[in-house]
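**Q** Provided herewith is a single structure, encoded as structure tokens, for subsequent inquiry.
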Amino acid sequence: METRAPSPVHLLAGRTNFRLWADMAFPIKVCAVCSEEFELKPDKPGFANRCPACSEPEQVEAVTKTGIDADERKTLKEANEARRRAMRDLLYRKDS
């Protein structure tokens, strides 16, 4: 009778959680972008329905924030005041 050396999984047989996890395979998913199959691993960054190649963050160009001048600021202020006044009138009007 041959005796085999125990595998690392069986050496940790006392830890049933590890043994169950080690015996399970990762689920196979299909990428929503490129339709390729991939293994969904626990520490995979990005979305669960995208492969690692499609989950890589895109290079975002630095957008320069342009300031607004006094006329635009005044127009926005007036629009916000009108919006607040309309909401206040709708919420607190008395039904007669």
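**Q** Touching a residue at least 12 places away in the same chain (Cβ under 8 Å) and among the polar types (S, T, N, Q): does that describe Asn80?
**A** When the stated conditions are applied, Asn80 does not pass them.
**Q** Just checking, how many residues over the stretch 44-87 are under 30 Å from Lys29 (Cα atoms) and of a type in the set (A, V, I, L, M)? Give the derivation first.
**A** Of the stretch 44-87, the ones under 30 Å from Lys29 (Cα atoms) are 44-60.
Remaining after also requiring of a type in the set (A, V, I, L, M): 48, 53, 60.
Going through the stretch 44-87 one residue at a time, the tally reaches 3.
**Q** Residues that are at pLDDT 80 or above, surrounded by fewer than 10 Cβ atoms within 10 Å (Cβ to Cβ) and not hydroxyl-bearing (Ser, Thr, Tyr): find the helices (runs of 4 or more DSSP H) completely inside the chain holding 2 or more of those.
**A** In the chain, 70-92 are the helices (runs of 4 or more DSSP H) which contain 2 or more residues that are at pLDDT 80 or above, surrounded by fewer than 10 Cβ atoms within 10 Å (Cβ to Cβ) and not hydroxyl-bearing (Ser, Thr, Tyr).
The values are calculated or read from the model by the stated rules, or taken from the named source; none is laboratory data. Note that the structure is a prediction, hence the values are computed from the model and not measured. Glycine also receives a Cβ, built like all others from the backbone with ideal geometry; neighbour counts cover every protein chain displayed.
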